[in-house]
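The block underneath contains the structure these notes are about, expressed in structure tokens.
Coordinate-derived values only; no laboratory data. These numbers come from a predicted model, not from an experiment. Neighbour counts run over all protein chains shown; Cβ positions are idealised from the backbone, glycine included.
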Amino acid sequence: MILKDIKIFSQNVQKSSLIVNTILEVKTDFDVIFIQELSWLTICSIPSSMNSEGESLVGVVNHPNWLIFIRNPETMNNFSRVTIYVNIRLSFLRFSLHRDVINFKDILLISFFNNNNIL
């Protein structure tokens, strides 16, 4: 299948998980969504041998209809401020995140294959 057009939506969510959830539920006609200033949330506590209360598992909003591309933090103070959500219906295009080209928390570079071309 050859894709002719990609619909892109971009939004600064000011660290609101509610806004991210709403966008992912409502903007289903878009192919790619860029989110700026996302919120990192504690998902759960993981058992730890070093901490009796466990270690916090921290992540971003996840949705079953969207693939997430995000730069994982190298330290707890180095969280990415941007993420890319790609509609699951485009998974056949084999999107890829390129940290080898640029590795910065505010810039994400992705590519995909379309009609034997890398875009």
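Points to keep in mind about this one:
- Point-to-point label distance, ILE118-ARG94, nm (Cα→Cβ direction, 7 Å offset): 1.1 nm
- Contact order, relative form, for the chain: 22 percent (alpha carbon pairs under 8 Å, 6 or more residues apart, mean separation divided by residue count).
- Only one residue of SER16, PHE30, GLY54 has its Cα farthest out toward the positive end of the dipole of the chain, where Lys and Arg carry +1 and Asp and Glu -1 on Cβ, and that residue is PHE30.
- Taking other Cβ atoms within 10 Å as a rough exposure proxy, SER16, SER96, SER80 sort from fewest to most as SER96, SER16, SER80.
- In this simple spin-label approximation, SER39 and GLU55 carry label points 7 Å from Cα along the Cα→Cβ vector, and these lie 2.5 nm apart.
- Residue of ILE33, ILE84, ILE19 that the Gaussian network model of the chain assigns the largest fluctuation, springs spanning Cα pairs under 10 Å: ILE19
- Intensity falloff of the chain expressed as log10 I(q)/I(0), Debye formula with alpha-carbon point scatterers, at q = 0.16 Å⁻¹: -0.83
- Fluctuation leader among VAL32, VAL101, VAL20 - the chain, Gaussian network, Cα springs under 10 angstrom: VAL101
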